[in-house]
Amino acid sequence: MDPQMRGGHAETDPNARPSPGISRERVKGENMARKYIDCREMPSENNCDLAMAGSEEHVLNAAMIHAVTAHKHEDTPELRQQLRGALKDEVPAALA
Ligand SMILES: [Zn+2]
């Protein structure tokens, strides 16, 4: 006979993890979340067509520097938010 109580409430079973979507255990080195930003989609006066791709942090940093140096923007949290909003998940084959 099984001495453990086995009622209908088995939801605290530590082995039962119904949400595999958040696990990032597959590290293959080239499956990083690369982002892409295209300056043509940002409001600018000089018809800039620069595009950058890479991990989100790097693209964001590069885009901030670019926005400040090439577009005379100010380095503000608002600008960073704006750039972050312009990031895309799809990296074109030419940049991937
Ligand atoms: Zn630009």
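Odds and ends about this structure:
- Filtered residue count, region 45-82, keeping only those that are more than 22 Å from Leu95 (Cα to Cα), not β-branched (Val, Ile, Thr) and not in a helix (DSSP H, G or I): 6
To keep it simple, each residue is scored yes or no on (1) surrounded by 15 or more Cβ atoms within 10 Å (Cβ to Cβ); (2) touching a Ser or Thr at 6+ places or on another chain (Cβ under 6 Å); (3) modelled with pLDDT of 95 or more.
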residue	(1), (2), (3)
Lys28	no, no, no
Arg40	no, no, no
Asn46	no, no, no
Ala51	yes, no, no
Glu56	yes, no, no
Met64	yes, no, yes
Ala70	no, no, no
Asp75	no, no, yes
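Here is a yes/no grid of residues against (1) in contact with a helix residue (DSSP H, G or I) (Cβ under 7 Å, 6 or more places away or on another chain); (2) among the hydroxyl-bearing types (Ser, Thr, Tyr); (3) under 25 Å from Ala96 (Cβ atoms):
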| site | (1), (2), (3) |
| --- | --- |
| Glu45 | no, no, no |
| Ala51 | yes, no, yes |
| Leu60 | yes, no, yes |
| His73 | yes, no, no |
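- The set of residues from region 48-66 being more than 9 Å from the ligand (Cβ to nearest atom) and either within 14 Å of Gly85 (Cα to Cα) or over 18 Å from the mean Cα position of the chain (by Cα) (or both) comprises Glu56, Glu57, Val59, Leu60, Asn61, Met64, Ile65.
- Test for Ala96: is it small (Gly, Ala, Ser) and in a loop (DSSP other than H, G, I, E, B): yes
The values are calculated or read from the model by the stated rules, or taken from the named source; none is laboratory data. All of these numbers come straight from a predicted model, not from anything done at the bench. Using ideal geometry, Cβ is built from the backbone for each residue, glycine included, and neighbour counts are taken over all protein chains shown.
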